[in-house]
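What follows is a set of notes on a single structure, which appears directly below.
The values are calculated or read from the model by the stated rules, or taken from the named source; none is laboratory data. These numbers come from a predicted model, not from an experiment. Cβ: placed from backbone, ideal geometry, glycine included. Neighbour counts: every protein chain shown. The protein model used for the area step is the full one, side chains on, heavy atoms only, and it has no ligands, DNA or RNA in it. Shrake-Rupley method; radii C 1.70, N 1.55, O 1.52, S 1.80 Å.
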Amino acid sequence: YAADERAFEESEQHAANETFWSGKFQDSVPVLELPADYPYAKHRSFQAATERHVIEAELYQAIKKIGAKRGATLYATLGAAFHVLLHRLTEQESFVVGLPCAGQSLEGSERVVGNCVNFLPLRTDLSGASTFGELLDLVKGNLLEAFEHQRYTFGKLLPLLRLERDPNRPPLVELQFNVERMDYFQEFHGLKTDFQPSGKRFIFHSLFLNIVESSDGLALHCDYSTELFEDRTIQRWLSLFETILRSIVADPERPIDRLKILTDGNQEALLAQGALETPAHAAFVSHEPSPDFCLHALAEKAAAKVPGHPAVITADASWSHRELHERANRVAVQLRVQGVGPDVLVGVCLDR
């Protein structure tokens with residue numbers, strides 16, 4: 001096996017694979033910005049945990065049929081749904097997902113004992129797909145291309161790209177995705193077996209969603225960095241993933257941004273939370289909408305036009321438009337002193 005791999009590195013196919021993978025990242029390398037619970041640590045400890053979620057057989061069969069109608073495997077269909085989840089969590093249209101690929105499946109390696117898995121960085125740009133059906137076609141094509149060029153190792157690609165390394169993050173690929181089937185191997189000449197997942201205590205990537213297919217349904221095993229995410233966050237994301245699958249089954253041609261991501265119960269809870277009464281209320285002088293003004297410009301216009309009119313009313317105080325404008329200017333001066341300028345993000349913390 002090792003000799004064959006060494007010989008392959010001198011072949012034309014190896015050169016073609018190198019051109020294919022380097023071309024995927026020639027213009028840029030997107031960085032996936034998942035909404036983490038904690039900031040990235042300066043020095044990673046790689047500590048991890050595993051959360052699980054089960055999808056019933058009925059939904060599993062339904063999503064399988066959706067893919068089959070477009071000539072897609074379950075791997076591609078679930079992978080496309082995972083792309084929808086990432087897009088809705090990050091609002092990014094371009095990102096990279098790592099796919100483990102079994103090297104033992106190559107011809108002549110059936111008797112090899114060892115972990116010959118290669119790692120494929122699948123780059124997907126969702127801007128060319130508006131509906132889930134279009135996204136599925138896109139992901140299916142990307143997967144076929146990736147598997148055709150799977151014999152170019154991730155370890156060779158990284159130095160070729162000359163990425164600027166960040167000690168806080170894994171290079172190029174932030175997370176992994178995989179689908180596998182285990183119950184093919186449940187009987188060995190009368191010996192019945194059962195599979196029990198083993199949770200991870202350490203992980204190199206930030207998150208790894210492994211989906212196990214069986215006749216009972218889909219078992220979602222999500223390994224995640226405990227330095228970045230809380231268990232309840234991962235459980236919520238797995239629940240969102242199931243809701244997306246149900247929305248796809250209901251209407252696979254629905255636009256990606258309109259696929260349902262919240263259950264009715266989740267949505268009602270959020271609406272109820274937003275309707276909580278607070279002692280403070282704000283009132284603004286109304287203006288006709290105009291594309292020529294930003295919010296701060298409208299406030300300045302109101303300060304010049306009706307300076308004495310109330311702009312903000314709370315339980316304890318009332319500010320006129322002039323006072324609001326003056327206080328805003330004070331904050332602006334303080335921000336400038338701290339080095340804040342255009343395109344610099346400033347966090348704002350307020351009570352409800």
### Query
How far apart, in nm, are two points set 7 Å out from the Cα along the Cα-to-Cβ line at V340 and at S215?
6.2
### Query
Amide H to amide H, which residues 5 or more places from V54 or on other chains are under 5 Å from it, using H placed in the peptide plane?
L220
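Please report the carbon-and-sulfur percent of the accessible area for region 38-120; probe 1.4 Å, protein heavy atoms only, DNA, RNA and ligands left out. Intermediate results must be reported in sequence, preceding the final value.
Values: 2240 of 4280 Å².
In region 38-120, the share of accessible area belonging to carbon and sulfur is 52 percent.
By its C-alpha gyration tensor, with a ≥ b ≥ c as the square roots of the eigenvalues, how is the chain shaped: rounded for a/c under 1.5, else prolate for a/b larger than b/c, else oblate?
Working: a/c = 2.36, a/b = 1.84, b/c = 1.29.
Prolate, because a/c is 1.5 or more and a/b exceeds b/c.
How do I211, I261 rank by accessible surface area computed with a 1.4 Å probe, from largest to smallest? Before the final figure, lay out each step's value.
Numbers: I211 0, I261 30 Å².
If we order I211, I261 from most to least accessible, we get I261, I211.
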### Task
Could you please state, rounded to a whole Å, how far the C-alpha centre of region 2-53 is from the C-alpha centre of region 162-176?
8
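Going highest first, how would you order 334-347, 77-90 by mean Cβ packing within 10 Å?
So the peptides 334-347, 77-90, ranked by packing, come out 77-90, 334-347.
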#### Entry: Ranked packing of 313-321, 198-206, most packed first, by mean Cβ within 10 Å
198-206, 313-321
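If you roll a 1.4 Å probe over the heavy atoms of the protein chains, what accessible area per residue do you get for the chain, in Å²? Mind dumping the intermediate values first?
Values: 21480 Å² over 352 residues.
Solvent-accessible surface per residue comes out at 61 Å².
Apply 1/(1 + (r/R0)^6) to the Cβ-Cβ distance of V117 and A269, taking R0 = 25 Å, and write down the FRET efficiency to the nearest 0.05. Don't jump to the answer; show the numbers that get you there.
On the way: r = 41 Å, r/R0 = 1.65.
Efficiency computed from Cβ-Cβ geometry: 0.05.
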#### Entry: Point-to-point label distance, D316-D231, nm (Cα→Cβ direction, 7 Å offset)
4.0
### Task
Starting from the Cα-Cα distance between F202 and H296, subtract it from 0.36 nm times their residue separation and give me the gain in nm to one decimal.
29.1 nm
### Message
Testing the spin-label approximation: label points 7 Å from Cα along Cα→Cβ at N168 and F195. State their distance in nm.
### Response
3.7
### Task
Using only Cα atoms, tell me the angle between helix 321-337 and the longest principal axis of the chain; keep it within 0 to 90° and round to the nearest 10.
50
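So which of K69/K192; K65/K260; K64/K192; K156/K200; K69/K260 end up more than 30 Å apart, counting from Cα to Cα? Numbers along the way, then the final one.
Details: K69/K192 35 Å; K65/K260 19 Å; K64/K192 27 Å; K156/K200 27 Å; K69/K260 21 Å.
With Cα atoms farther than 30 Å apart: K69/K192.
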### Amide H partners (placed H, <5 Å) of V312, local residues excluded
W319
### Query
Stretch S239-E5 to full length: gain in nm at 0.36 nm per residue minus the Cα-Cα span?
80.1 nm
### Task
Enter the angle in degrees (range 0 to 90, nearest 10) between the Cα long axis of helix 132-148 and the first principal axis of the Cα atoms of the chain, meaning the one along which they spread out most.
40
### Task
Decide, for region 212-265, between rounded, prolate and oblate: order the square roots of the alpha carbon gyration tensor eigenvalues as a ≥ b ≥ c, take rounded if a/c falls under 1.5, and otherwise choose prolate if a/b is larger than b/c, else oblate.
oblate
### Qualifying aspartates and glutamates (Cα of each under 19 Å from Cα of K42; at least 8 residues distant if same chain)
E33, E164, D166, E174, E227, E230
#### Entry: Added length on full extension, which subtracts the Cα-Cα distance from 0.36 nm per residue, D37 to S130
30.5 nm
